[in-house]
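K.L.:
What follows is a structure written as structure tokens; I'll ask about it next.
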Amino acid sequence: MKIGIFSDTHLGFDEKGERKEESFNNLKQAISLCLENDADAILLSGDIFDAPVPSHTVLYKSMECFDFSKKKESNVKLIVEKNGESKEQSFSGIPIMTIHGNHEFRGKDTKTAIEVLDLSGYLVYFHACRIVIQKDDEKVFVYGLGAVPEKKALEVLNYWNPKPEPNAVNLMLLHQSIKEFMAIEDEMVATISLSDLPKGFDVIVNGHLHWSNIQELGKTKFLLAGSTIPTSIKKLETEKPKGVYLFDSNSKELSFFPLPNQRKMFYHKEKMDYASPEQVIALCEKLIGKDISEKHEFKPLIRINFKGTLKKGISHSDINLNPVLEKYSSHALLSISKNFSNVAFRKKISELRDMQKEKLSVASAGFELLQKNLDETDFGKGIDIRELFDLLSDDNLDDALGLFSKE
Ligand SMILES: [Mn+2]
């Protein structure tokens, strides 16, 4: 049996903007790739829609796209097992089974757009249960848990406690953050670690994180299916094209098929020291010029992330990027962020830190001295001196500077 897998189609993304067709075009390509490669069924790992309540136009266009899956027939049978009952699920074409994502997470008594598509026969929606896909004598067991608030996710997963069918092929769909992939450790961001994932599954597919990745966890392949459309550009997302995976239940192999027509993404992280506005703009032009020198069917997404410091006396507002944005608006979709820290602040603080290191032991009169030093500067009113002192003692210059920028 062959099973197509993809996730996070975000239908209706940029509904009023320049990219309004992209989510639909990419979904059509994803379904076509599954059909061309003889998928018997398709699995989607949540965030089908971009908005919790999509417009009728988005709903209509989504149905048109999902209708593509009816161009072929499948010989599988689907049995949904929930709360101790099994029921055969009817469908037409190649069945598409899905869980909900955080974008579709709504109150218990409110119907979602996914449920509308389920009732219309375009999707088979399931949550906290399993579906048996049967083709002749072969069975594949698919478990699914739709998105739950991150703070509760580990608790819910443990409570649900899915047990894979012995001596069979078992797959699972999730839509959560995973601690190992997140930049910060916070229970509001993620509670599930890779080691918390249930054992004995052949593939655990996770949506939500928009870049694609495969990790081997013992015999389990942990697959980040990635999104079919870039919604915000992250560096990891630019390293691999968008596409679909195909799982072969005999070989248990996953293969990847990129979408043939997709928007290219470029990500630049640039550190500059004592930069002038002219230098920042010149670097923008150089990077953009190189990115658009290749031929692109769709305007590429270019993200430039500046870090470092600006020349003395120069602030962010002195760098006017509007001429650059206008000049290239017909060639690329640009997003440029100026995260420069002010050199005057940085220098003062680093002088203070040096002074503190040289002159006194932190344990003695350091606090008063810092206060005195700070009083001599033209800023520092309303700063929590105790916090600043602690940060400087820890060599945490960035956070110390942060205190000043909050002012
Ligand atoms: Mn998503």
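K.L.:
Could you tell me which of V58, F389, L301 has its Cα farthest along the dipole of the chain towards the positive end, charges placed at Cβ (Lys, Arg +1; Asp, Glu -1), taken about the Cα centre?
P.N.:
L301
K.L.:
With the Cα gyration tensor of region 198-354 giving a ≥ b ≥ c as the square roots of its eigenvalues, does the rule (a/c under 1.5 for rounded; else a/b larger than b/c for prolate; else oblate) give rounded, prolate or oblate? Spell out each step's value before the answer.
P.N.:
On the way: a/c = 4.21, a/b = 1.76, b/c = 2.39.
Because a/c hits 1.5 or more and a/b fails to exceed b/c, region 198-354 counts as oblate.
K.L.:
Whole-Hz ³J(HN,Hα) for each residue in region 237-250, computed from phi via Karplus 6.51 cos²θ - 1.76 cosθ + 1.60 with θ = phi - 60°, x for glycine and proline: what do you get?
P.N.:
These are the phi-based 3J(HN,Hα) values: 5, 7, 7, 9, x, 7, x, 10, 9, 10, 9, 9, 6, 7 Hz.
K.L.:
Still on this structure, I have one more. Pairs to check: K264/K312; K135/K264; K16/K311; K87/K111; K151/K252. Give those whose C-alpha atoms are more than 30 Å from each other in this structure. Kindly include the intermediate steps, with their values, before the conclusion.
P.N.:
Working: K264/K312 37 Å; K135/K264 38 Å; K16/K311 39 Å; K87/K111 21 Å; K151/K252 33 Å.
Correct reply: K264/K312; K135/K264; K16/K311; K151/K252.
K.L.:
Here is a further query. Can you pull out the GluC sites (Glu not before Pro) in region 162-226 that DSSP calls coil and that have at most 14 other Cβ atoms within 10 Å? Before the final figure, lay out each step's value.
P.N.:
On the way: sites: E180, E185, E187, E216; in loops: E185, E187.
Here the GluC sites (Glu not before Pro) that fit, given the DSSP loop and packing criteria, are E185, E187.
K.L.:
If N is the number of residues in region 74-161, what value comes out of its Cα radius of gyration divided by 2.2 N^0.38 Å?
P.N.:
On the way: Rg = 13.9 Å, N = 88, 2.2 N^0.38 = 12.1 Å.
So region 74-161 has a normalised radius of gyration of 1.15.
K.L.:
Run the numbers for K235 and S120: contour at 0.36 nm per residue of separation, minus the present Cα-Cα distance, in nm.
P.N.:
On the way: separation 115, 0.36 × 115 = 41.40 nm, distance 3.79 nm.
Here the answer is 37.6 nm.
K.L.:
Mind ranking 279-285, 96-102 by how tightly packed they are, going by the mean number of other C-beta atoms within 10 angstrom, highest first?
P.N.:
Going by the mean number of other Cβ atoms within 10 Å, highest first, we get 96-102, 279-285.
K.L.:
A further question on this structure: With +1 on the Cβ of every Lys and Arg and -1 on the Cβ of every Asp and Glu, and nothing else charged, how large is the dipole of the chain about its Cα centre, in debye rounded to the nearest 20? It would help to have the intermediate numbers written out before the result.
P.N.:
Numbers: 54 positive and 62 negative charges, 124 e Å.
So the dipole magnitude of the chain works out to roughly 600 debye.
K.L.:
How far is it, in nm, from the label point at D318 to the one at E73 when both lie 7 Å from their Cα along the line to the Cβ?
P.N.:
7.3 nm
K.L.:
How large is the convex hull of the C-alpha atoms of region 265-338 per residue, in Å³? Write down the numbers at each step before the final one.
P.N.:
Details: hull volume 5.3 nm³, N = 74.
In region 265-338, the Cα hull volume divided by residue count equals 72 Å³.
K.L.:
Also, I was wondering about something else. Hey, rough spin-label estimate for S251 and Q371, points 7 angstrom out along Cα→Cβ, what's it come to in nanometres?
P.N.:
7.2 nm
K.L.:
If you add up the charges near N261, with Lys and Arg at +1 and Asp and Glu at -1, over every other residue whose beta carbon is less than 12 angstrom from its beta carbon, what do you get? Display every interim value, and only then the final one.
P.N.:
Values: positive: K28, K242, R263, K264; negative: E21, E22, E297.
Value of the local net charge: +1.
K.L.:
At most 13 other C-beta atoms within 10 Å and a DSSP loop state: those are the exposed trypsin sites (Lys or Arg not before Pro) I care about. Give me the longest piece of the chain that has none. Could you put the intermediate results ahead of the total?
P.N.:
Values: sites that count: K16, K108, K111, K199, K219, K252, K295, K312, K381, K406.
Here the longest run is 17-107.
K.L.:
Considering only DSSP beta bridges with both partners in the chain, what is the antiparallel share in %, to the nearest 5?
P.N.:
Working: 32 of 72 bridges.
Bridges in the chain are about 45 percent antiparallel.
K.L.:
A further question follows. Hey, can you grab everything whose amide H is under 5 Å from the amide H of F298? Only 5+ residues off in sequence or another chain; H modelled, so Pro and N-termini drop out.
P.N.:
Under 5 Å from the amide H of F298 lie the amide H atoms of K264, each far enough along the sequence or on another chain.
K.L.:
Report, in degrees rounded to the nearest 10, the 0 to 90 angle that the Cα long axis of helix 22-36 makes with the longest principal axis of the chain.
P.N.:
40 degrees
K.L.:
Could you derive backbone 3J(HN,Hα) for region 187-203 from the dihedral phi with the Karplus parameters 6.51, -1.76 and 1.60 (θ = phi - 60°), listing whole Hz in sequence and x where the residue is Gly or Pro?
P.N.:
5, 6, 8, 7, 10, 8, 9, 4, 6, 7, 5, x, 8, x, 8, 6, 9
K.L.:
Out of region 68-156, which GluC sites (Glu not before Pro) are coil in DSSP terms and have no more than 11 other C-beta atoms within 10 Å?
P.N.:
Values: sites: E73, E81, E85, E88, E104, E115, E138, E150, E155; in loops: E73.
Passing sites in region 68-156 are E73.
K.L.:
Let me ask something else. Taking the Cα centroid of region 315-335 and of region 117-152, what is the distance between the two, rounded to the nearest whole Å?
P.N.:
Taking the Cα centre of region 117-152 as reference, the centre of region 315-335 is 45 Å away.
K.L.:
Still on this structure: Taking amide H positions as placed 1.01 Å from N in the peptide plane, with prolines and chain starts having none, which residues 5 or more places from L123, or on another chain, fall under 5 Å of its amide H?
P.N.:
So L123 has HN proximity to D118.
K.L.:
With a ≥ b ≥ c the root eigenvalues of the C-alpha gyration tensor of region 165-273, is it rounded (a/c under 1.5), prolate (a/b larger than b/c) or oblate? Spell out each step's value before the answer.
P.N.:
Values: a/c = 2.64, a/b = 1.37, b/c = 1.93.
Cα axes put region 165-273 in the oblate bin.
K.L.:
Another question about this same structure. Which distance in Å, rounded to a whole number, links the C-alpha centroids of region 6-74 and region 198-226?
P.N.:
So the separation of the two Cα centres works out to 22 Å.
K.L.:
A further question follows. Would you compute, for the Cα atoms of the chain, the largest minus smallest coordinate along each principal axis and list the three values in descending order, in whole Å?
P.N.:
Computed over the Cα atoms, the extents are 82, 51, 41 Å.
K.L.:
What shape does region 1-121 take by its C-alpha gyration tensor, where a ≥ b ≥ c are the square roots of the eigenvalues and a/c under 1.5 counts as rounded, a/b above b/c as prolate, and the rest as oblate? If you can, show how the numbers build up before the last one.
P.N.:
Numbers: a/c = 2.06, a/b = 1.20, b/c = 1.72.
It comes out oblate by the Cα gyration axes.
K.L.:
Per DSSP helix of 4 or more residues, -39500 (n - 2.57); summed, then divided by the residues of the chain. What does that give at 222 nm, rounded to the nearest 500? Can you show the working numbers first?
P.N.:
Working: 11 runs with 115 residues, N = 407.
Calculated from helices alone, the mean residue ellipticity at 222 nm is -8500 deg cm²/dmol.
K.L.:
Could I ask something else about it? Describe numerically, in nm with one decimal, the distance between label points set 7 Å from Cα along Cα→Cβ at L325 and at A168.
P.N.:
5.5 nm
K.L.:
How high is the FRET efficiency between F105 and L217 when r is their beta carbon distance and R₀ equals 22 Å, given to the nearest 0.05? If you can, show how the numbers build up before the last one.
P.N.:
Working: r = 26 Å, r/R0 = 1.19.
Between F105 and L217 the formula returns 0.25.
Here, each number is a calculation from the coordinates, and none is a lab measurement. Computed from a predicted structure; not experimentally measured. Note that each Cβ is placed from the backbone with ideal geometry, even for glycine, and that neighbours are counted across all protein chains shown.
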